[in-house]
1. The conditions are (1) away from the ligand (no atom under 14 Å from the Cβ); (2) charged (D, E, K, R); (3) crowded, with 22+ Cβ neighbours inside 10 Å, and ASP389 fails exactly one of them. Which is it?
2. Could you list, ordered by first residue, the pairs with Cβ atoms under 6 Å in which the first is in segment 368-380 and farther than 30 Å from ASP411 by Cα and within 13 Å of the ligand (Cβ to nearest atom) and the second is assigned to a loop (DSSP other than H, G, I, E, B) and of a type outside the set (A, V, I, L, M, F, W, C), at least 6 apart or interchain?
3. Return only the number of the condition from (1) farther than 23 Å from GLY414 by Cα; (2) at pLDDT below 95 that TYR337 does not satisfy.
4. Just need a number here: residues in segment 355-386 that are surrounded by 17 or more Cβ atoms within 10 Å (Cβ to Cβ), out of contact with any Ser or Thr (no Cβ under 7 Å at 6 or more places or on another chain) and of a type in the set (S, T, N, Q).
5. List the residue pairs whose Cβ atoms are under 8 Å apart, where the first residue sits in segment 410-430 and is without any contact (Cβ under 8 Å) to a residue 40 or more places away in the chain and more than 11 Å from the ligand (Cβ to nearest atom), the second is of a type in the set (S, T, N, Q) and part of a strand (DSSP E or B), and the two are 6 or more positions apart or on different chains.
6. Hey, could you check segment 36-82 for residues that are part of a loop (DSSP other than H, G, I, E, B) and of a type in the set (D, E, K, R) and say which is nearest to GLY11 (Cα to Cα)?
7. Got at least one residue in segment 258-265 being buried (at least 20 other Cβ atoms within 10 Å of the Cβ), part of a helix (DSSP H, G or I) and more than 16 Å from the ligand (Cβ to nearest atom)?
8. Can you pull out every residue in segment 175-199 that is under 14 Å from the mean Cα position of the chain (by Cα) and either among the charged types (D, E, K, R) or assigned to a helix (DSSP H, G or I) (or both)?
Amino acid sequence: MKEFPINFLWGGATAANQLEGAWNEDGKGPSTNDMYTGGSHTIARRITPILEPDTFYPNHEGIDFYHRYKEDIALFAEMGFKVFRLSIAWSRIFPNGDDEQPNEKGLQFYDDVLDELKKYNIEPLVTISHYELPFNLVQKYDGWKNRKLIEFYNRYAQTLYIRYKDKVKYWLTFNEINSAMVTLGAYASLGMILDEKENTEAVRIQALHHQFVASAKAVKMGHQINPDFKIGCMIAYLDMQPLTCDPADVLLTQHMDQIQNMLCGDVQVRGFYPAYAKRYYDEHNVELVMEAEDEQILKEGCVDFYTFSYYMSNCVSANPQNEQTGGNLLGGIKNPYLKATDWGWQIDPIGLRWTLNHLYDRYHIPLMVVENGLGAVDTFEPDGSINDDYRIDYLRQHIEQMKEAIQDGVDLMGYTTWGPIDLVSAGTGEMKKRYGFIYVDKHDDGSGTLDRSKKKSFYWYKKVIESNGKEL
Ligand code: BGP
(Lines give C-alpha, C1' and ligand atoms only; values in the text may rest on other atoms or scores of the structure.)
Protein backbone atom coordinates (compact mmCIF):
# COMPACT_ATOMS: atom_id res chain seq x y z
CA MET A 1 0.00 0.00 0.00
CA LYS A 2 1.44 3.36 -1.04
CA GLU A 3 1.95 5.85 1.75
CA PHE A 4 2.97 9.50 1.68
CA PRO A 5 6.32 9.79 -0.11
CA ILE A 6 9.37 10.21 2.14
CA ASN A 7 9.99 13.77 0.94
CA PHE A 8 6.31 14.80 1.22
CA LEU A 9 6.07 18.52 1.95
CA TRP A 10 3.96 18.95 5.09
CA GLY A 11 3.36 22.47 6.31
CA GLY A 12 1.11 25.52 6.39
CA ALA A 13 0.10 28.40 4.13
CA THR A 14 -0.33 32.13 4.71
CA ALA A 15 -0.58 35.42 2.84
CA ALA A 16 1.44 38.53 3.66
CA ASN A 17 -1.49 40.92 3.98
CA GLN A 18 -3.37 38.62 6.37
CA LEU A 19 -0.61 38.27 8.93
CA GLU A 20 2.32 40.67 8.57
CA GLY A 21 0.79 43.95 9.72
CA ALA A 22 3.40 46.79 9.64
CA TRP A 23 1.37 48.13 6.75
CA ASN A 24 3.28 51.39 6.47
CA GLU A 25 6.66 50.49 7.96
CA ASP A 26 10.09 50.51 6.36
CA GLY A 27 8.95 52.08 3.14
CA LYS A 28 5.99 49.83 2.37
CA GLY A 29 3.35 51.46 0.22
CA PRO A 30 -0.38 51.00 0.81
CA SER A 31 -1.85 47.91 -0.82
CA THR A 32 -5.37 46.98 -1.86
CA ASN A 33 -5.90 45.18 1.43
CA ASP A 34 -4.90 48.15 3.52
CA MET A 35 -8.10 49.84 2.32
CA TYR A 36 -10.38 47.11 3.67
CA THR A 37 -12.35 47.81 6.85
CA GLY A 38 -13.27 44.97 9.18
CA GLY A 39 -16.37 42.93 8.42
CA SER A 40 -18.16 39.83 9.54
CA HIS A 41 -20.13 36.88 8.27
CA THR A 42 -23.12 39.14 7.76
CA ILE A 43 -21.59 42.57 7.15
CA ALA A 44 -19.40 42.92 4.08
CA ARG A 45 -16.02 44.63 4.37
CA ARG A 46 -15.89 48.10 2.86
CA ILE A 47 -13.16 49.43 0.62
CA THR A 48 -12.30 53.01 1.55
CA PRO A 49 -9.92 54.58 -1.00
CA ILE A 50 -9.17 57.27 1.58
CA LEU A 51 -8.56 55.95 5.07
CA GLU A 52 -11.20 57.01 7.59
CA PRO A 53 -9.83 58.25 10.93
CA ASP A 54 -12.04 56.25 13.32
CA THR A 55 -12.33 53.08 11.33
CA PHE A 56 -10.65 49.76 12.13
CA TYR A 57 -8.51 48.27 9.37
CA PRO A 58 -7.64 44.70 10.43
CA ASN A 59 -4.84 44.16 7.93
CA HIS A 60 -2.86 47.15 9.22
CA GLU A 61 -1.63 45.19 12.20
CA GLY A 62 -2.57 41.67 11.05
CA ILE A 63 -1.09 39.42 13.70
CA ASP A 64 2.16 41.37 13.65
CA PHE A 65 4.16 38.62 11.96
CA TYR A 66 6.46 41.38 10.71
CA HIS A 67 7.90 41.77 14.19
CA ARG A 68 7.24 38.25 15.50
CA TYR A 69 8.27 36.02 12.60
CA LYS A 70 11.09 34.44 14.61
CA GLU A 71 8.75 33.25 17.32
CA ASP A 72 6.20 32.04 14.75
CA ILE A 73 8.70 30.19 12.59
CA ALA A 74 10.11 28.53 15.71
CA LEU A 75 6.60 27.24 16.44
CA PHE A 76 6.22 25.95 12.87
CA ALA A 77 9.57 24.22 13.26
CA GLU A 78 8.42 22.66 16.51
CA MET A 79 5.52 21.09 14.60
CA GLY A 80 8.10 19.75 12.16
CA PHE A 81 7.09 21.80 9.11
CA LYS A 82 8.89 20.80 5.94
CA VAL A 83 7.46 23.71 3.97
CA PHE A 84 6.00 27.13 4.69
CA ARG A 85 3.88 28.88 2.09
CA LEU A 86 4.18 32.65 2.37
CA SER A 87 3.50 35.48 0.00
CA ILE A 88 5.52 38.59 -0.60
CA ALA A 89 3.77 41.94 -0.23
CA TRP A 90 4.30 43.56 -3.61
CA SER A 91 4.06 47.06 -2.12
CA ARG A 92 6.86 46.28 0.34
CA ILE A 93 9.15 45.74 -2.63
CA PHE A 94 7.70 48.30 -5.05
CA PRO A 95 5.69 50.71 -2.87
CA ASN A 96 3.82 52.21 -5.82
CA GLY A 97 4.03 49.26 -8.15
CA ASP A 98 5.42 51.37 -10.99
CA ASP A 99 8.68 52.39 -9.28
CA GLU A 100 11.93 51.86 -11.18
CA GLN A 101 13.88 50.72 -8.12
CA PRO A 102 12.85 48.32 -5.35
CA ASN A 103 12.71 49.19 -1.67
CA GLU A 104 15.78 47.65 -0.06
CA LYS A 105 14.23 47.40 3.40
CA GLY A 106 11.35 45.35 2.01
CA LEU A 107 13.74 42.96 0.28
CA GLN A 108 15.80 42.67 3.45
CA PHE A 109 12.74 41.68 5.49
CA TYR A 110 12.11 38.64 3.29
CA ASP A 111 15.81 37.79 3.31
CA ASP A 112 15.53 37.63 7.09
CA VAL A 113 12.38 35.51 6.99
CA LEU A 114 13.90 33.12 4.44
CA ASP A 115 17.08 32.81 6.49
CA GLU A 116 15.03 32.01 9.55
CA LEU A 117 13.22 29.24 7.64
CA LYS A 118 16.53 27.88 6.41
CA LYS A 119 17.73 27.62 9.99
CA TYR A 120 15.08 24.95 10.55
CA ASN A 121 15.32 23.38 7.09
CA ILE A 122 11.86 24.60 6.19
CA GLU A 123 11.43 24.93 2.43
CA PRO A 124 9.74 28.19 1.44
CA LEU A 125 6.93 28.15 -1.12
CA VAL A 126 6.49 31.74 -2.26
CA THR A 127 3.35 33.20 -3.79
CA ILE A 128 4.40 36.23 -5.79
CA SER A 129 0.96 37.82 -5.74
CA HIS A 130 -1.60 36.74 -3.15
CA TYR A 131 -4.71 38.92 -3.40
CA GLU A 132 -2.73 42.11 -3.07
CA LEU A 133 -1.29 44.81 -5.25
CA PRO A 134 0.07 48.26 -4.58
CA PHE A 135 -2.93 50.56 -4.25
CA ASN A 136 -1.35 53.06 -6.62
CA LEU A 137 -1.82 50.52 -9.44
CA VAL A 138 -5.55 50.58 -8.76
CA GLN A 139 -5.78 54.34 -8.74
CA LYS A 140 -3.44 55.16 -11.58
CA TYR A 141 -3.91 52.23 -13.96
CA ASP A 142 -7.23 50.54 -13.08
CA GLY A 143 -5.39 47.41 -12.02
CA TRP A 144 -5.04 44.44 -14.34
CA LYS A 145 -7.45 45.94 -16.84
CA ASN A 146 -4.37 47.77 -18.03
CA ARG A 147 -1.78 45.79 -19.99
CA LYS A 148 0.97 47.90 -18.39
CA LEU A 149 0.56 45.74 -15.30
CA ILE A 150 2.32 42.89 -17.10
CA GLU A 151 5.50 44.95 -17.20
CA PHE A 152 5.23 46.02 -13.54
CA TYR A 153 4.52 42.47 -12.37
CA ASN A 154 7.44 41.07 -14.34
CA ARG A 155 9.82 43.68 -12.97
CA TYR A 156 8.67 42.70 -9.50
CA ALA A 157 8.96 38.95 -10.20
CA GLN A 158 12.42 39.41 -11.70
CA THR A 159 13.57 41.34 -8.64
CA LEU A 160 12.43 38.50 -6.38
CA TYR A 161 13.93 35.77 -8.54
CA ILE A 162 17.32 37.43 -8.66
CA ARG A 163 17.42 38.35 -5.00
CA TYR A 164 16.19 34.99 -3.67
CA LYS A 165 17.69 32.78 -6.38
CA ASP A 166 19.51 30.60 -3.89
CA LYS A 167 16.93 30.74 -1.12
CA VAL A 168 13.66 29.84 -2.85
CA LYS A 169 13.01 26.94 -5.20
CA TYR A 170 9.18 26.77 -5.27
CA TRP A 171 7.15 29.72 -6.57
CA LEU A 172 3.48 30.36 -7.38
CA THR A 173 2.70 33.21 -9.74
CA PHE A 174 -0.83 34.19 -8.60
CA ASN A 175 -3.04 33.02 -5.78
CA GLU A 176 -6.43 31.64 -6.84
CA ILE A 177 -6.10 33.19 -10.27
CA ASN A 178 -9.57 31.93 -11.23
CA SER A 179 -11.16 34.30 -8.71
CA ALA A 180 -11.22 36.74 -11.65
CA MET A 181 -14.26 34.78 -12.84
CA VAL A 182 -16.32 35.96 -9.86
CA THR A 183 -17.38 39.51 -9.05
CA LEU A 184 -15.34 39.78 -5.84
CA GLY A 185 -12.16 38.95 -7.72
CA ALA A 186 -12.38 42.31 -9.49
CA TYR A 187 -10.85 44.13 -6.54
CA ALA A 188 -9.15 41.36 -4.56
CA SER A 189 -7.31 39.77 -7.42
CA LEU A 190 -7.42 42.22 -10.32
CA GLY A 191 -7.17 45.53 -8.44
CA MET A 192 -10.19 47.06 -10.18
CA ILE A 193 -13.08 48.78 -8.49
CA LEU A 194 -15.95 46.57 -7.41
CA ASP A 195 -18.55 47.83 -9.80
CA GLU A 196 -20.37 45.17 -11.77
CA LYS A 197 -21.53 47.65 -14.37
CA GLU A 198 -18.07 48.90 -15.10
CA ASN A 199 -16.04 45.79 -14.40
CA THR A 200 -18.26 43.29 -16.14
CA GLU A 201 -17.32 39.67 -16.64
CA ALA A 202 -15.92 40.59 -20.06
CA VAL A 203 -13.62 43.20 -18.51
CA ARG A 204 -12.50 40.77 -15.83
CA ILE A 205 -11.73 38.11 -18.43
CA GLN A 206 -9.59 40.59 -20.36
CA ALA A 207 -7.75 41.51 -17.15
CA LEU A 208 -7.31 37.80 -16.42
CA HIS A 209 -5.73 37.41 -19.84
CA HIS A 210 -3.15 40.00 -18.82
CA GLN A 211 -2.44 37.93 -15.71
CA PHE A 212 -2.02 34.78 -17.83
CA VAL A 213 0.53 36.57 -20.02
CA ALA A 214 2.33 37.98 -16.97
CA SER A 215 2.38 34.55 -15.35
CA ALA A 216 3.68 32.79 -18.46
CA LYS A 217 6.42 35.38 -18.88
CA ALA A 218 7.34 34.98 -15.22
CA VAL A 219 7.56 31.20 -15.58
CA LYS A 220 9.88 31.47 -18.57
CA MET A 221 12.01 34.16 -16.95
CA GLY A 222 12.26 32.19 -13.69
CA HIS A 223 13.60 29.13 -15.50
CA GLN A 224 16.19 31.30 -17.22
CA ILE A 225 17.33 32.82 -13.95
CA ASN A 226 17.54 29.49 -12.17
CA PRO A 227 16.78 26.28 -14.09
CA ASP A 228 16.10 24.53 -10.78
CA PHE A 229 13.11 26.74 -9.98
CA LYS A 230 9.75 25.00 -9.87
CA ILE A 231 7.02 27.47 -10.70
CA GLY A 232 3.36 26.62 -10.28
CA CYS A 233 -0.15 27.92 -10.75
CA MET A 234 -2.69 28.19 -7.94
CA ILE A 235 -6.40 27.65 -8.45
CA ALA A 236 -9.33 27.94 -6.03
CA TYR A 237 -10.86 24.56 -6.72
CA LEU A 238 -14.59 24.68 -5.98
CA ASP A 239 -15.66 21.06 -6.19
CA MET A 240 -19.14 20.67 -7.67
CA GLN A 241 -21.60 17.80 -7.94
CA PRO A 242 -24.86 17.67 -9.87
CA LEU A 243 -27.73 17.93 -7.40
CA THR A 244 -29.66 15.21 -9.25
CA CYS A 245 -29.07 12.79 -12.10
CA ASP A 246 -31.18 14.99 -14.38
CA PRO A 247 -28.92 15.32 -17.46
CA ALA A 248 -29.47 19.08 -17.34
CA ASP A 249 -27.86 19.17 -13.87
CA VAL A 250 -25.02 16.91 -14.98
CA LEU A 251 -24.26 19.03 -18.03
CA LEU A 252 -24.42 22.30 -16.11
CA THR A 253 -22.01 20.88 -13.54
CA GLN A 254 -19.53 20.00 -16.26
CA HIS A 255 -19.89 23.45 -17.75
CA MET A 256 -19.39 25.23 -14.43
CA ASP A 257 -16.42 23.06 -13.60
CA GLN A 258 -14.87 24.02 -16.93
CA ILE A 259 -15.44 27.74 -16.56
CA GLN A 260 -14.88 28.24 -12.83
CA ASN A 261 -12.24 25.63 -12.12
CA MET A 262 -10.51 24.29 -15.19
CA LEU A 263 -10.11 27.20 -17.57
CA CYS A 264 -7.24 28.84 -15.73
CA GLY A 265 -5.38 25.61 -15.09
CA ASP A 266 -5.88 24.61 -18.73
CA VAL A 267 -4.22 27.82 -19.90
CA GLN A 268 -1.42 27.74 -17.34
CA VAL A 269 -0.61 24.03 -17.59
CA ARG A 270 -1.16 23.45 -21.30
CA GLY A 271 -0.27 26.89 -22.63
CA PHE A 272 -3.37 27.69 -24.66
CA TYR A 273 -7.05 28.49 -24.21
CA PRO A 274 -9.25 25.37 -24.13
CA ALA A 275 -11.76 24.80 -26.94
CA TYR A 276 -14.80 25.29 -24.69
CA ALA A 277 -13.69 28.84 -23.81
CA LYS A 278 -14.54 30.09 -27.29
CA ARG A 279 -18.26 29.38 -27.06
CA TYR A 280 -18.44 30.78 -23.54
CA TYR A 281 -16.68 33.98 -24.58
CA ASP A 282 -18.85 34.34 -27.71
CA GLU A 283 -22.01 33.95 -25.67
CA HIS A 284 -20.86 36.35 -22.97
CA ASN A 285 -19.75 39.20 -25.21
CA VAL A 286 -16.10 38.70 -24.45
CA GLU A 287 -13.92 39.94 -27.26
CA LEU A 288 -10.51 39.05 -26.02
CA VAL A 289 -7.84 41.48 -27.15
CA MET A 290 -4.61 39.56 -27.70
CA GLU A 291 -1.30 40.91 -28.93
CA ALA A 292 0.42 39.01 -31.71
CA GLU A 293 2.97 37.43 -29.37
CA ASP A 294 0.55 36.32 -26.64
CA GLU A 295 -0.10 32.81 -27.97
CA GLN A 296 3.62 32.12 -28.11
CA ILE A 297 4.16 33.54 -24.62
CA LEU A 298 1.45 31.31 -23.17
CA LYS A 299 2.96 28.29 -24.90
CA GLU A 300 6.43 28.99 -23.55
CA GLY A 301 5.33 29.65 -19.99
CA CYS A 302 3.68 26.41 -18.86
CA VAL A 303 3.88 25.78 -15.15
CA ASP A 304 5.86 22.94 -13.56
CA PHE A 305 3.27 21.93 -11.01
CA TYR A 306 -0.37 22.55 -10.21
CA THR A 307 -1.50 23.75 -6.81
CA PHE A 308 -4.94 24.49 -5.49
CA SER A 309 -7.00 25.40 -2.46
CA TYR A 310 -9.70 23.01 -1.37
CA TYR A 311 -12.20 23.76 1.37
CA MET A 312 -15.58 22.40 0.38
CA SER A 313 -17.96 21.31 -2.35
CA ASN A 314 -21.31 22.58 -3.57
CA CYS A 315 -24.09 21.17 -5.70
CA VAL A 316 -25.16 22.48 -9.05
CA SER A 317 -28.71 22.48 -10.30
CA ALA A 318 -30.38 23.76 -13.41
CA ASN A 319 -33.29 24.68 -11.13
CA PRO A 320 -32.40 27.88 -9.26
CA GLN A 321 -35.16 27.33 -6.67
CA ASN A 322 -32.96 25.05 -4.56
CA GLU A 323 -31.57 26.06 -1.18
CA GLN A 324 -28.26 27.92 -1.40
CA THR A 325 -25.17 27.49 0.72
CA GLY A 326 -22.07 29.66 1.31
CA GLY A 327 -18.57 29.19 0.11
CA ASN A 328 -15.12 30.40 -0.72
CA LEU A 329 -15.53 32.85 -3.64
CA LEU A 330 -18.74 31.26 -4.82
CA GLY A 331 -21.78 29.79 -3.12
CA GLY A 332 -23.82 26.93 -4.55
CA ILE A 333 -26.68 24.61 -3.84
CA LYS A 334 -26.91 22.79 -0.54
CA ASN A 335 -25.91 19.14 -0.54
CA PRO A 336 -28.24 17.09 1.71
CA TYR A 337 -25.46 14.60 2.47
CA LEU A 338 -22.96 17.08 3.85
CA LYS A 339 -22.51 19.12 7.01
CA ALA A 340 -21.30 22.71 6.81
CA THR A 341 -19.02 24.93 8.91
CA ASP A 342 -20.44 27.89 10.85
CA TRP A 343 -19.71 29.95 7.74
CA GLY A 344 -21.77 27.61 5.56
CA TRP A 345 -18.82 25.93 3.79
CA GLN A 346 -19.81 22.31 3.19
CA ILE A 347 -17.33 19.75 4.43
CA ASP A 348 -16.51 17.14 1.81
CA PRO A 349 -13.27 15.19 2.26
CA ILE A 350 -14.19 12.60 -0.40
CA GLY A 351 -14.52 15.49 -2.82
CA LEU A 352 -10.80 16.12 -2.30
CA ARG A 353 -9.94 12.60 -3.50
CA TRP A 354 -12.25 13.09 -6.48
CA THR A 355 -10.62 16.43 -7.27
CA LEU A 356 -7.08 15.07 -7.03
CA ASN A 357 -7.95 12.29 -9.46
CA HIS A 358 -9.77 14.65 -11.77
CA LEU A 359 -6.80 17.03 -11.93
CA TYR A 360 -4.12 14.40 -12.23
CA ASP A 361 -5.95 12.57 -15.02
CA ARG A 362 -6.13 15.82 -16.93
CA TYR A 363 -2.64 17.24 -16.44
CA HIS A 364 -0.25 14.51 -15.35
CA ILE A 365 2.01 16.92 -13.52
CA PRO A 366 2.73 16.99 -9.77
CA LEU A 367 -0.08 18.41 -7.63
CA MET A 368 -0.02 20.12 -4.28
CA VAL A 369 -2.87 21.05 -1.95
CA VAL A 370 -1.74 24.47 -0.77
CA GLU A 371 -4.81 25.48 1.24
CA ASN A 372 -7.24 23.38 3.22
CA GLY A 373 -8.62 23.97 6.68
CA LEU A 374 -11.52 24.71 8.94
CA GLY A 375 -12.52 28.24 9.89
CA ALA A 376 -14.12 28.00 13.32
CA VAL A 377 -14.71 29.90 16.56
CA ASP A 378 -12.26 28.61 19.18
CA THR A 379 -12.68 28.80 22.93
CA PHE A 380 -9.77 29.75 25.11
CA GLU A 381 -10.46 27.75 28.29
CA PRO A 382 -9.66 29.17 31.75
CA ASP A 383 -6.79 26.66 32.08
CA GLY A 384 -5.29 28.02 28.86
CA SER A 385 -6.17 25.05 26.66
CA ILE A 386 -7.91 25.27 23.30
CA ASN A 387 -9.58 22.00 22.43
CA ASP A 388 -10.18 22.18 18.71
CA ASP A 389 -11.16 18.56 18.07
CA TYR A 390 -13.46 19.71 15.24
CA ARG A 391 -10.41 21.05 13.39
CA ILE A 392 -8.47 17.84 13.94
CA ASP A 393 -11.43 15.84 12.58
CA TYR A 394 -11.69 18.03 9.50
CA LEU A 395 -7.99 17.80 8.70
CA ARG A 396 -7.73 14.09 9.50
CA GLN A 397 -10.53 13.26 7.09
CA HIS A 398 -8.95 15.28 4.31
CA ILE A 399 -5.52 13.76 4.87
CA GLU A 400 -7.07 10.28 4.74
CA GLN A 401 -8.51 11.11 1.34
CA MET A 402 -5.17 12.43 0.10
CA LYS A 403 -3.67 9.11 1.11
CA GLU A 404 -6.35 7.34 -0.93
CA ALA A 405 -5.60 9.56 -3.90
CA ILE A 406 -1.90 8.70 -3.66
CA GLN A 407 -2.91 5.04 -3.80
CA ASP A 408 -5.03 5.86 -6.83
CA GLY A 409 -1.76 6.92 -8.46
CA VAL A 410 -1.88 10.69 -8.02
CA ASP A 411 1.52 12.41 -7.80
CA LEU A 412 0.98 14.61 -4.74
CA MET A 413 3.98 16.66 -3.59
CA GLY A 414 2.71 18.24 -0.45
CA TYR A 415 0.04 19.70 1.76
CA THR A 416 -0.06 23.10 3.42
CA THR A 417 -3.04 23.73 5.68
CA TRP A 418 -4.51 27.20 5.50
CA GLY A 419 -3.57 29.52 8.32
CA PRO A 420 -1.36 27.36 10.58
CA ILE A 421 -1.49 30.38 12.85
CA ASP A 422 -4.71 32.41 13.31
CA LEU A 423 -4.80 35.34 10.92
CA VAL A 424 -7.17 37.89 9.40
CA SER A 425 -9.83 36.30 7.20
CA ALA A 426 -9.56 37.18 3.52
CA GLY A 427 -13.28 37.00 2.93
CA THR A 428 -14.64 38.79 5.97
CA GLY A 429 -11.73 40.49 7.73
CA GLU A 430 -12.56 38.66 10.94
CA MET A 431 -10.19 37.20 13.53
CA LYS A 432 -13.08 35.21 14.96
CA LYS A 433 -12.88 32.81 12.03
CA ARG A 434 -9.80 30.92 13.11
CA TYR A 435 -7.84 28.28 11.20
CA GLY A 436 -4.65 27.96 13.20
CA PHE A 437 -2.82 25.33 15.19
CA ILE A 438 -1.54 28.39 17.01
CA TYR A 439 -4.00 30.71 18.72
CA VAL A 440 -3.38 34.44 18.49
CA ASP A 441 -4.88 36.69 21.15
CA LYS A 442 -6.36 39.23 18.77
CA HIS A 443 -10.02 40.07 18.34
CA ASP A 444 -12.39 41.67 15.89
CA ASP A 445 -12.39 45.01 17.69
CA GLY A 446 -8.61 45.13 17.42
CA SER A 447 -7.99 44.29 21.09
CA GLY A 448 -5.69 41.54 22.35
CA THR A 449 -2.12 40.98 23.49
CA LEU A 450 -1.10 39.20 20.26
CA ASP A 451 0.27 36.39 22.45
CA ARG A 452 0.58 33.00 20.79
CA SER A 453 -0.73 29.75 22.37
CA LYS A 454 -0.70 26.16 21.14
CA LYS A 455 -4.05 24.55 20.44
CA LYS A 456 -4.71 20.82 20.78
CA SER A 457 -4.36 20.53 16.99
CA PHE A 458 -0.76 21.79 17.31
CA TYR A 459 0.30 18.56 19.04
CA TRP A 460 -1.81 16.48 16.70
CA TYR A 461 -0.30 17.95 13.50
CA LYS A 462 3.20 17.53 14.94
CA LYS A 463 2.50 13.80 15.27
CA VAL A 464 1.05 13.63 11.76
CA ILE A 465 4.23 15.12 10.33
CA GLU A 466 6.54 13.05 12.53
CA SER A 467 4.85 9.84 11.38
CA ASN A 468 4.64 11.07 7.76
CA GLY A 469 0.86 10.79 7.79
CA LYS A 470 0.65 7.35 9.46
CA GLU A 471 -0.66 8.58 12.79
CA LEU A 472 -3.83 10.51 12.16
C1 BGP B 1 -8.65 31.55 0.12
C2 BGP B 1 -7.55 32.56 0.16
C3 BGP B 1 -6.87 32.73 1.46
C4 BGP B 1 -7.70 32.42 2.69
C5 BGP B 1 -8.73 31.33 2.51
C6 BGP B 1 -9.78 31.26 3.60
O7 BGP B 1 -9.58 31.95 -0.82
O8 BGP B 1 -6.54 32.25 -0.79
O9 BGP B 1 -6.24 33.97 1.45
O10 BGP B 1 -8.07 33.49 3.40
O11 BGP B 1 -9.39 31.41 1.28
O12 BGP B 1 -10.76 32.21 3.40
P13 BGP B 1 -11.34 33.14 4.54
O14 BGP B 1 -10.16 33.84 5.10
O15 BGP B 1 -12.30 34.02 3.89
O16 BGP B 1 -11.96 32.20 5.52
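1. Going through (1) away from the ligand (no atom under 14 Å from the Cβ); (2) charged (D, E, K, R); (3) crowded, with 22+ Cβ neighbours inside 10 Å one by one, ASP389 breaks only (3).
2. Correct list of pairs: VAL377/LYS432.
3. (2)
4. Residues meeting the conditions: 1.
5. From segment 410-430, no pairs qualify.
6. First, the residues of segment 36-82 that are part of a loop (DSSP other than H, G, I, E, B): 37-46, 48-57, 62-64, 80-82.
From what's left, of a type in the set (D, E, K, R): 45-46, 52, 54, 64, 82.
Details: ARG45: 30, ARG46: 32, GLU52: 37, ASP54: 38, ASP64: 20, LYS82: 6 Å.
Among residues in segment 36-82 that are part of a loop (DSSP other than H, G, I, E, B) and of a type in the set (D, E, K, R), the one nearest to GLY11 (Cα to Cα) is LYS82.
7. From segment 258-265, those buried (at least 20 other Cβ atoms within 10 Å of the Cβ) are 260-265; that's our starting set.
Pick out the ones that are also part of a helix (DSSP H, G or I) and you get 260-265.
Narrowing further to those that are more than 16 Å from the ligand (Cβ to nearest atom): 262-263.
Yes, some residue in segment 258-265 is buried (at least 20 other Cβ atoms within 10 Å of the Cβ), part of a helix (DSSP H, G or I) and more than 16 Å from the ligand (Cβ to nearest atom).
8. Selection gives GLU176, ILE177, ASN178, SER179, ALA180, GLY185, ALA188.
The values are calculated or read from the model by the stated rules, or taken from the named source; none is laboratory data. Quick caveat, the model's predicted, so the values are computed rather than measured. Here the Cβ is made from the backbone with ideal geometry for all residues, glycine too, and neighbour counts use every protein chain on show.
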